[in-house]
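Since the structure comes first, as structure tokens, the remarks are kept for the end.
The values are calculated or read from the model by the stated rules, or taken from the named source; none is laboratory data. What you see is a predicted model; the values in this text were computed from it and never measured. We place every Cβ from the backbone using ideal geometry, glycine too, and count neighbours over all the protein chains shown. The area values use the complete protein model at the heavy-atom level, side chains included, leaving out ligands, DNA and RNA. Shrake-Rupley method; radii C 1.70, N 1.55, O 1.52, S 1.80 Å.
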Amino acid sequence: MAFLGPVIAGVGSVLSGAFSFFSGSTILAGALKIGLGLAAQYAIGELFKPDVPAQVSHLETQYGQDLPRSVVLGTRGLAGHHIYRNAYGKGGRTVQDLYVLSHFRIFGVPRVRYEGKWYSLGGAVDAERGQRIQGIEPEIWVKVYQGDLAQAADPGLIARANPAGRWTVAHRLAGVAYAVVTQQLDREKLPNAWQAFFEVTGVAYDWRQDSSAGGSGAQRWTDPTTWGQSSNPIVLQYNLERGFWLGDQLIVGKGISTDRLPIGKWTLAANICDEVVGTGARYKAAYIATAGQGITHAGNMAPLQAACAASWYEGPDGEYPIAGASQAIVATITDDDLVDGEDKNFSRYRTRSELVNTIAGTYASPDAFYDGVPLATRTDAPAFAADRERLATSIPYDAVTDPKVGDRLNDIALRASRYQGNGEICLRHKFLGLKVGQWFQWQSEDEAGGFTKTFQIVRRRLGPIGPNSCRLVYVTIQEVGEGIFDPTAYQTNPPDATGPGAPDYQSELVNFNITAIKNTASTGSARAGIRASWNPIEDQTITEIRIEYGPVNAVGDIPASTVPAPPALKNQTIHDLYQGVMSNSLWAVRYILRSQPARAFFPSPWKYVKTLQATLGDDDVYLPGMVEEVNRNTANLLPPLQEDIRTLIERAEKSAQQSLDQDAGQFLNKVSQVTQLKSAYETVTAEYKSVVFAATGPNSAIVQRLDTYEARFADMASATALNLVKVQVDQQAGQITAQGTLISGVQATVGGISAQGLFRTYVTATEAGAEATVGLAASATANGSTRSAAILLSARSDGKTMAGLVADLIYFTDGAGSKLFPVAIENGTLRANFANLGTVTAAILQSPNGLHIYNVANGTQEWWRA
């Protein structure tokens, strides 16, 4: 409950002595991170410092670099981060502006602000400019990119770039939601560029709308394109707990494993928020979550917890919120249930600093373009009379955009401060079943006159086994009651929440079939193949399909030898097999599934197909896709070996500095050491520098050493060398990743001419697989042209290994003997003077002088006399 908001270390000792610390002789069985009432917290506001940027910071246009990453939750107004402006046309009167809206996918932009009013986007969609702002005279167009990982660069920015090349196809802003504003400046209608302001609706994953997670609907955690709009504060907190990811990069959030998020508890809290009270949902929220230097996950969660009067449980049962609503009473105790001889630390009253009789607040009003607007001030008249003075506080609800919700939360906070009983008591072992967060009733007949009150369990610990050989139950309690919340006949929190049943995992492909196919090239050359197909996979835990196949003599036979095909990905429904397939012959095919988390699968039964008749042409020596695969591997591995040594040094230094500047939540212990030697004579310098750093945290460890050597003669000549070693281990979203990089290189430059040699090794391993690449390159540059020769090695645990040689001329020689007969490859032709071969597959054999041609494919011979 928001009146029981997140507690901050040390506040308990300042405000109250009721809550005790735990000794090593007890077992902590869970704790609710709560304070003494939201109203009390803000009454002593100096103790609660904000650790996230204020939401009002998003109401002004942001500029510059290194700004915090942000994700829009619900619907909020923002001015955006302006990163690009371009002017073109006559007099530069057509202006293009680009504003980043969110660093994660959004649902859309419902409205924009122009001259103090909301306007919608509409009309015919212009392929280059998007949609025009409706109902205004000036010509302003807005094109919204939702933030797809595969989104292409904006063609309008590319085509209109002034000068050409300022914006290219490489500027995709993959995974970033942004808006391109195109406006026509006019002396009367629009003399200056529009000061943009957008209302943005984000997306969130709601497990209740995911049929694969026990809900009902098409949403899937692994596919953000299926996510929808949500203003449910519990759903938004769940997304922050799991984290917003772009690929394997955590953008905003905690990145916690679902094992720590009991879905039954989360579903219960989310349903409470959606319950209709009056004319709308009980609780709604919208917020812009951020991540960056000094910003904490708790800082992002707190406003959303306050927006639904939620407590936060963290203990052996996981992490989950308890939404603010009346609960069922699960037990009744009397004074006889308290253990004699154990301390009872109980008070019927709060301290005066915790009492509030007048409360105000603010919410982010859409009508005021999401600026803070005051809520109605509320006063508890009987409490004011009893206190004999005004005890007032104001609560800013940063994540509330509905004044009805804000008023409801203020009422809860005001009433909660009058439920004053609190303390720690010791109960007999028959109450071992009590859980943190539950409500119970205490019927007391003590010397002060007795009482019957309802309490919530804030903390619970088990005492040591004592003389009576049983564990006692110590509970820290806070008085609560149904009068705190809006009256409702709905039982919002039954004693034991029941989660969804076990999911139905997929164990085989649906409609798996194989057919004979033939790939025909433009030259007429044909190659036989087999196509495997199946229905789309609905089980999101399936990661790949491994297929094997081989020739047989008859249906029912098992292949004597098989060919393993490259694994098919879970989003595929077709996989073509060509490697080793012979035409006009019988083949058997089967598959086996793989999943993450791993579970047992069995190979499918063999299926049989007879391949088609196909004849290879004279020049067809490559399997379908082989050339593309070689070119793709070269394109991935060669560019890193051609990078300038100076660029590598600058990147390594920046990476080290960023790691040292990371949020303390990732690295709690950081050490570094710098060694430097430098000699200079006028404009001649010689320098050696070594930078070593190591850092560790709860889920990360990193070590890097960078040694650089440079000799320079003014700006005329330089020789530079580096040795870089970097190893890192991280755990995010329950997955552990280990990485290592080793780079060694040297470069010599005189004027515009340079030579460089570089060796690079990169390895990475996760629980799902591993990859290693090794490259060695020599490069020479003159007159702006670079020539390179390289050796490229790569290996994947789930794919094939590859070795490549990249050069104008590739040769092999033993370095001994006459050295007259090297094996050489040039312009795609292999040359060798001698060969001792076993089986040869060839289309044409001919003599060097062309007088004898044997067409193996057609079975013909041709002879000519000289």
**Request:** Might you let me know whether segment 536-557 holds any residue that is within 40 Å of the chain's Cα centre (by Cα), at pLDDT below 90 and surrounded by fewer than 17 Cβ atoms within 10 Å (Cβ to Cβ)?
**Result:** yes
**Request:** Look through segment 186-216, keep the residues that are touching a strand residue (DSSP E or B) at 6+ places or on another chain (Cβ under 6 Å) and outside any strand (DSSP E or B), and return whichever of them is nearest to W266 (Cα to Cα).
**Result:** V203
**Fill in**
Going through (1) in a loop (DSSP other than H, G, I, E, B); (2) open to solvent by less than 20 Å² (accessible area, probe 1.4 Å); (3) farther than 19 Å from W207 by Cβ one by one, Q293 fails only at (2)
**Message:** Tell me yes or no: at least one residue of segment 69-79 is under 13 Å from Y178 (Cα atoms), in a loop (DSSP other than H, G, I, E, B) and more than 21 Å from the chain's Cα centre (by Cα).
**Reply:** yes
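Here is a yes/no grid of residues against (1) modelled with pLDDT of 95 or more; (2) assigned to a strand (DSSP E or B); (3) not assigned by the TED database to the domain that holds Y88:
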position	(1), (2), (3)
L98	yes, yes, no
V109	yes, yes, no
Y119	yes, yes, no
G122	no, yes, no
P138	no, no, no
K143	yes, yes, no
I158	yes, no, no
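Among the residues of segment 768-804 satisfying the criterion of being part of a loop (DSSP other than H, G, I, E, B) and touching a Pro at 6+ places or on another chain (Cβ under 9 Å), which is farthest from Q579 (Cα to Cα)? Talk me through it step by step, then tell me what you get.
Pass one, segment 768-804, residues part of a loop (DSSP other than H, G, I, E, B): 768-769, 783-784, 797-801.
With the extra rule that they be touching a Pro at 6+ places or on another chain (Cβ under 9 Å), the set shrinks to 798-800.
On the way: D798: 17, G799: 14, K800: 13 Å.
Among residues in segment 768-804 that are part of a loop (DSSP other than H, G, I, E, B) and touching a Pro at 6+ places or on another chain (Cβ under 9 Å), the one farthest from Q579 (Cα to Cα) is D798.
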**Message:** Looking only at segment 558-600, filter to residues that are modelled with pLDDT of 85 or more, out of contact with any Leu (no Cβ under 9 Å at 6 or more places or on another chain) and aliphatic (A, V, I, L, M); which one of those is nearest to S797 (Cα to Cα)?
**Reply:** I592
**Fill in**
Among the residues of segment 701-737, the number that are open to solvent by 50 Å² or more (accessible area, probe 1.4 Å) and touching a Leu at 6+ places or on another chain (Cβ under 6 Å) is 2
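Being among the polar types (S, T, N, Q), open to solvent by 30 Å² or more (accessible area, probe 1.4 Å), over 30 Å from A213 (Cβ atoms) and not assigned by the TED database to the domain that holds E767 is the requirement here; does S583 meet it? Explain how you work it out, then say what you get.
On the way: among the polar types (S, T, N, Q): yes; open to solvent by 30 Å² or more (accessible area, probe 1.4 Å): yes; over 30 Å from A213 (Cβ atoms): yes; not assigned by the TED database to the domain that holds E767: yes.
Yes, satisfied.
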**Complete:** Over segment 175-219, the set of residues surrounded by fewer than 21 Cβ atoms within 10 Å (Cβ to Cβ), under 20 Å from the mean Cα position of the chain (by Cα) and assigned by the TED database to the domain that holds R85 is none
**Message:** The conditions are (1) in a helix (DSSP H, G or I); (2) modelled with pLDDT under 90, and A309 fails exactly one of them. Which is it?
**Reply:** (1)
**Request:** State whether the residues of segment 244-256 include one that is charged (D, E, K, R) and under 20 Å from Q219 (Cβ atoms).
**Result:** no
**Item:** Checklist (1) assigned to a loop (DSSP other than H, G, I, E, B); (2) in contact with a strand residue (DSSP E or B) (Cβ under 6 Å, 6 or more places away or on another chain); (3) over 30 Å from I333 (Cα atoms) applied to E389, failing item
**Value:** (2)
**Message:** I need the full set of residues from segment 561-582 which are without any contact (Cβ under 8 Å) to a residue 24 or more places away in the chain and of a type in the set (A, V, I, L, M), in order please.
**Reply:** V563, A565
**Message:** Exactly one of these conditions fails for L149: (1) over 22 Å from the mean Cα position of the chain (by Cα); (2) surrounded by 13 or more Cβ atoms within 10 Å (Cβ to Cβ). Give me its number.
**Reply:** (1)
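Would you say D97 is crowded, with 19+ Cβ neighbours inside 10 Å and touching a strand residue (DSSP E or B) at 6+ places or on another chain (Cβ under 9 Å)? Please lay out each step first, then the result.
Numbers: crowded, with 19+ Cβ neighbours inside 10 Å: yes; touching a strand residue (DSSP E or B) at 6+ places or on another chain (Cβ under 9 Å): yes.
Yes, satisfied.
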**Fill in**
Per the list (1) touching a Leu at 6+ places or on another chain (Cβ under 7 Å); (2) buried (at least 17 other Cβ atoms within 10 Å of the Cβ), residue check on H429 breaks on (2)
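Counting just the residues of segment 318-329 that are in contact with a helix residue (DSSP H, G or I) (Cβ under 8 Å, 6 or more places away or on another chain) and surrounded by fewer than 24 Cβ atoms within 10 Å (Cβ to Cβ), which one comes out nearest to N271 (Cα to Cα)? I'd like the intermediate steps shown before the answer.
Pass one, segment 318-329, residues in contact with a helix residue (DSSP H, G or I) (Cβ under 8 Å, 6 or more places away or on another chain): 318-326.
The next check asks that each one be surrounded by fewer than 24 Cβ atoms within 10 Å (Cβ to Cβ); those that pass are 318-319, 326.
Numbers: G318: 19, E319: 17, S326: 14 Å.
In this case the residue turns out to be S326.
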**Asked** What about V746, is it crowded, with 18+ Cβ neighbours inside 10 Å and either touching a Cys at 6+ places or on another chain (Cβ under 6 Å) or not basic (K, R) (or both)?
**Response** no
**Request:** Filter segment 330-349 down to residues that are open to solvent by 20 Å² or more (accessible area, probe 1.4 Å) and of a type in the set (D, E, K, R) and give me whichever is modelled with the lowest pLDDT.
**Result:** D343
